[in-house]
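In what follows, a single structure is set out as structure tokens and then discussed.
Every number here is computed from the coordinates shown, using simple stated rules; none is lab data. The shown structure was predicted, so the numbers you read here are calculated from the model rather than taken from an experiment. Virtual Cβ from ideal backbone geometry, glycine too; neighbours counted across all protein chains shown.
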Amino acid sequence: MNYETFYQEIKQLEKAFQEKLTLAQKGFRNVVKDSENGDLRKLAKDLADVSEALNELAVLSDDLRDLSGEFDSGAYMENGDFAKQMVEYCQKFGVDVNGEAPTYEIFPFKVRIDAENQDLYVNRKKVHCVRPLHFVRKLKTDLEKYTKSGFNLNQFLNELATAYDTAIKVKSADAKVPRTEYNLLLKDLYNYLAPTAKARRDYDMQNYAYDIARLYANRDARTKNGRGFELGSTRHPNKLIRILDQFGNEHHLSTVRFFAPESESGGEQ
């Protein structure tokens, strides 16, 4: 089953519908003109033409309704055809896709297919679309918006460093000799950057992952007080954040460590 085959049939009926609609609209303009000019003979003829066009429109409307009912969108979603074709279109248009039904990561989006209800979820937003081509094109457009969106590297780096320092204080509160450097989980620091439900709606984990990716592309950057940073990973898959670098290469990151300039040559703490 392929939506595009069905769509071509729909388009043929839509074209015929548009032609008859244009005739009906043109006929009605003539009717208005006829009544204004007092030409009752032409008015009667134009009214007959409009009536015929409207009758044909009614038939075409029924044909469109019947044809749309023939496409079993439930089966299309549940048997995996939608997911398979979505992945194929992602590959065709160069859109990164990772995962398997019903959950995919199309960085920086998470896409979940709710086959039972015939809905899609992009991050937390529900979308109803059973045409894979349209869905992937929309995703590609949204991805391009992300790419072109402004990113204040220094602001993000300094805010991440502040979150890191706050987490360090919490982590070492009971230590006899407080430490200033740890490898901290990026997912834990996200909670400091977005501490409330509203903040997490406005700046979700996918936004955060995208900013981490842009930070990864600028690993020589320094905070306003000269500190460097190091991004790393762990063996725990649920702690990892998947990103793509500027060359489209996949990386899995989970930790960050900020260090003072004098400790730049030191190893992991």
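What does the convex hull of the alpha-carbon atoms of region 153-263 project to on average, in nm²?
Result: 7.8 nm².
Write out the trypsin sites (Lys or Arg not before Pro) in region 151-243 meeting two conditions: DSSP loop, and at most 10 other Cβ atoms within 10 Å of their Cβ.
The qualifying sites are K176, R179, R219, K224, R235.
Under a plain spin-label model, where a point goes 7 Å from the Cα along Cα-to-Cβ, how far apart in nm are N79 and N238?
Simple spin-label model gives 3.6 nm for this pair.
What's the angle, to the nearest 10 degrees (0 to 90), between helix 40-70's Cα axis and the longest principal axis of the chain?
The helix 40-70 is inclined about 40 degrees to the chain.
Can you tell me the 0 to 90 degree angle between the C-alpha axis of helix 153-171 and the longest principal axis of the chain, rounded to 10?
50 degrees
Please order S68, S73 by the number of other Cβ within 10 Å, starting at the fewest.
S68, S73
Residues of region 239-254 with the amide nitrogen closer than 12 Å to a label point 7 Å from the Cα of A217, along Cα-to-Cβ, please.
Label zone hits: 244-249.
Give K169/K239; K84/K125; K20/K42; K11/K126; K11/K138 a once-over and call out the pairs whose C-alpha atoms are over 24 Å from each other. If you can, show how the numbers build up before the last one.
On the way: K169/K239 21 Å; K84/K125 21 Å; K20/K42 20 Å; K11/K126 26 Å; K11/K138 20 Å.
Going by Cα-Cα distance, K11/K126 fall outside the 24 Å limit.
Once the mean 1/r over all distinct Cα pairs of the chain is inverted, what Kirkwood radius in angstroms do you read off?
23.3 Å
Roughly how big is the chain's charge dipole about its Cα centre, with Cβ charges of +1 (Lys, Arg) and -1 (Asp, Glu), in debye to the nearest 20? Mind showing how you got there, number by number?
Working: 40 positive and 42 negative charges, 252 e Å.
The calculation lands at about 1200 debye.
Using the alpha carbons of region 1-86, what is the convex hull volume per residue in cubic angstrom, as a whole number?
Hull volume over Cα atoms, normalised by residue count, gives 81 Å³.
Can you compute the FRET efficiency between Q118 and R41 using 1/(1 + (r/R0)^6), with r the Cβ-Cβ distance and R0 = 45 Å? Round to the nearest 0.05. Intermediate values should be presented prior to the final figure.
On the way: r = 54 Å, r/R0 = 1.20.
After rounding to 0.05, the efficiency reads 0.25.
For region 120-179, compute the orientation-averaged projected area of the C-alpha convex hull (one quarter of its surface), in nm².
6.7 nm²
Is any residue of region 143-172 close enough, with backbone N under 19 Å, to a label point placed 7 angstrom from the Cα of K224 along the Cα-Cβ axis, and if so, which?
151-167
By what distance, in whole Å, do the Cα atoms of region 75-148 stretch along each of the three principal axes, largest value first?
37, 25, 20
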